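All of the numbers you see were taken from the coordinates with simple rules; none came from a lab. These figures come from a predicted structure and were not determined experimentally. Counting neighbours? That spans all protein chains shown, and the Cβs are built from the backbone with ideal geometry, glycine included.
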2 protein chains.
Amino acid sequence: MSGLRARQKADRHRRIIEAAAELFREAGYEGAKIEAIAAQAEVSVGTIYNYYQNKGDILGAIVSLEVNEVLNAGQGVVARPPANVGDALDTLIGIYIEHSLHYLSKEMWRQAMAISTQLPDSPFGQAYTALDRALTEQIRALIARLQALGLVRQDIDGAALGELIFNNMNMMFIEFVKRDAAKIPELRAAIRRQNRILVAAIGT
Amino acid sequence: MSGLRARQKADRHRRIIEAAAELFREAGYEGAKIEAIAAQAEVSVGTIYNYYQNKGDILGAIVSLEVNEVLNAGQGVVARPPANVGDALDTLIGIYIEHSLHYLSKEMWRQAMAISTQLPDSPFGQAYTALDRALTEQIRALIARLQALGLVRQDIDGAALGELIFNNMNMMFIEFVKRDAAKIPELRAAIRRQNRILVAAIGT
DNA sequence: TTCTAAAATTGAGTCAATTCTGTTTTTATG
DNA sequence: CATAAAAACAGAATTGACTCAATTTTAGAA
């Protein structure tokens with residue numbers, strides 16, 4: 001099929017996202033007015049609201065792109081993890097963190113996180129929760145892999161451990177985006193230090 | 001001194017907070033209009049903005065009251081902790097969680113958390129970060145206490161451990177307030193399960 | 001090709017937070 | 001006491017996200 005209508009729709013979606021991404025980057029989330037996004041995308045304000053429930057959902061679409069790339073990159077580590085528990089965790093978490101500021105500024109992350117807690121039932125709120133879950137799941141998968149390789153004790157509660165590691169990392173990341181001065185290497189070092197306690201407890 | 005001006009100021013502060021707390025509870029954060037708060041407090045809209053930078057800061061003042069009570073209650077546990085690492089952590093965390101919904105609804109917590117990430121440099125954003133730090137510090141103090149009592153190994157990195165426990169608990173609490181259906185006993189059970197991994201690793 | 005129902009678009013209008021400017025109240029001084 | 005400076009107040013005006021009724025475009029049947 002792919003009628004005219006469907007093509008125009010996809011095209012408008014793309015134009016809105018591109019316009020928003022550009023303006024968010026240039027002017028910040030608050031600074032990017034809906035009217036400006038509409039003008040840049042060559043649609044009307046009403047049309048934007050036909051495609052997205054609110055301004056946050058536009059940002060949400062951009063965040064989803066970013067996180068999905070990260071999840072993809074993480075798969076490689078899960079498939080072939082370094083032969084050392086600490087390094088394996090550090091490598092996976094490193095991918096998450098290093099990738100995180102590619103498309104999104106700290107300010108955009110702050111807004112995205114804020115919206116996802118403020119409106120947990122909006123389309124974006126639910127999508128963000130699902131992304132968090134997917135990341136937790138991937139850490140859990142890494143632990144299962146390490147258990148299969150005999151690097152992590154079999155009697156460890158993998159589900160609880162995955163959540164613990166993800167929750168700690170995520171909270172550290174939240175604090176990281178809240179402070180503009182915070183640097184990536186310091187964030188990684190702090191998380192490594194925290195995980196060291198766990199690594200000592202679960203390794204064979 | 002305590003001139004008329006200072007007294008009126010304190011009185012207006014109190015009236016605004018009381019009016020806001022009542023309306024937030026009744027109508028929710030978004031539902032409580034600034035005009036309504038102003039009317040209820042018998043001041044003008046302009047005056048409210050003279051006292052608080054924005055609507056979020058009013059909520060922030062209420063949240064601070066709540067968290068400070070919690071910190072206070074926690075001190076008792078740190079002073080005389082149960083003679084078992086798992087129970088000690090569970091007791092302290094229990095106090096935090098059970099107290100959390102006394103004055104604040106889940107919706108108010110969501111708003112407060114959102115604002116604190118959205119505007120980390122606003123008065124409330126900074127206050128919220130300080131409160132988080134104080135809670136982390138209290139968990140750290142409990143661990144130090146348990147180490148002094150010989151219940152936790154001396155060679156454990158107490159600072160990192162405190163952060164790990166707080167970050168995990170906080171993230172679980174965030175997810176808890178995001179889901180209206182989530183219940184306190186389940187939250188506590190989930191955190192206990194996660195902490196069990198740590199308890200096994202650090203106990204003597 | 002022509003016509004009609006459904007889908008999509010438009011932009012002026014609404015609503016509520018925040019800002020701004022002129023007025024009033026308080027304080028401190030002679 | 002009178003009064004000028006400082007502080008606080010009031011509420012009208014501004015701003016920007018979001019809504020909605022009217023209009024335009026598309027798909028597909030005749």
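Label-point spacing for B:Thr91 across the identical copies (point 7 Å from Cα in the Cβ direction), in nm and ascending order: 4.4. Residue order for B:Tyr103, B:Tyr96, B:Tyr128, fewest other beta carbons within 10 angstrom first, comes to B:Tyr103, B:Tyr96, B:Tyr128.
Cα centroid separation, region B:109-175 to region A:127-188: 18 Å.
I want the local charge near A:Lys183. Using Cβ-Cβ distances under 13 Å, sum +1 for each Lys or Arg and -1 for each Asp or Glu among the other residues. Once all neighbours under 13 Å are counted, the net charge is -1. Mean sequence separation of contacting Cα pairs (under 8 Å, at least six apart), scaled by the length of region A:1-156, corresponds to a relative contact order of 24 percent.
Structure note, pairs A:Lys33/B:Lys55; A:Lys33/A:Lys106; A:Lys33/B:Lys9; A:Lys55/A:Lys183; A:Lys106/B:Lys183: Cα-Cα distances above 25 angstrom occur for A:Lys33/B:Lys9; A:Lys55/A:Lys183; A:Lys106/B:Lys183.
Counting from the shortest, the label point at B:Glu26, 7 Å from Cα toward Cβ, is 4.6 nm from the same position in each remaining copy. Its alpha carbons give the protein assembly as shown an Rg and a Dmax of 23.3, 81 Å. Phi-derived couplings, Karplus 6.51 cos²θ - 1.76 cosθ + 1.60 at θ = phi - 60°, listed residue by residue for region B:6-12: 5, 5, 4, 4, 4, 5, 5 Hz, with x used for Gly and Pro. Take the Kirkwood radius over Cα pairs of region B:1-51, plug it into Stokes-Einstein at 10 °C and 1.306 mPa s, and you get 142 µm²/s for translational diffusion.
Entry note, region A:1-51: relative contact order of 35 percent, from Cα contacts under 8 Å with a spacing of 6+ residues. Modelled this way, with points 7 Å down the Cα-to-C-beta line, the labels at A:Asn84 and A:Arg196 are 1.3 nm from one another.
Converting phi to 3J(HN,Hα) with the Karplus coefficients 6.51, -1.76 and 1.60 and the offset θ = phi - 60°, region A:115-127 yields 5, 5, 8, 5, 10, x, 9, 5, x, 5, x, 5, 5 Hz in sequence order, with x at every glycine or proline. With R₀ set to 22 Å, the beta-carbon distance separating A:Ala27 from B:Glu30 gives a calculated FRET efficiency near 0.30. Of the trypsin sites (Lys or Arg not before Pro) found in region B:103-138, none is in coil by DSSP with at most 16 other Cβ atoms within 10 Å of its Cβ. Here the label points at B:Ala144 and A:Ala73, each 7 Å from Cα along the C-beta direction, are separated by 3.9 nm in the simple model.
FRET efficiency for the pair A:Asn50 and A:Glu18, taken as 1/(1 + (r/R0)^6) with r the Cβ-Cβ distance and R0 = 22 Å, rounds to 0.80.
Among chain B residues, the beta-carbon with the smallest distance to the axis carrying B onto A is reported, with distance in whole Å, as B:Ala201, 1. Applied to region A:67-73, the Karplus parametrisation 6.51 cos²θ - 1.76 cosθ + 1.60 on θ = phi - 60° returns per-residue 3J(HN,Hα) values of 5, 5, 4, 4, 4, 4, 5 Hz, with x for Gly and Pro.
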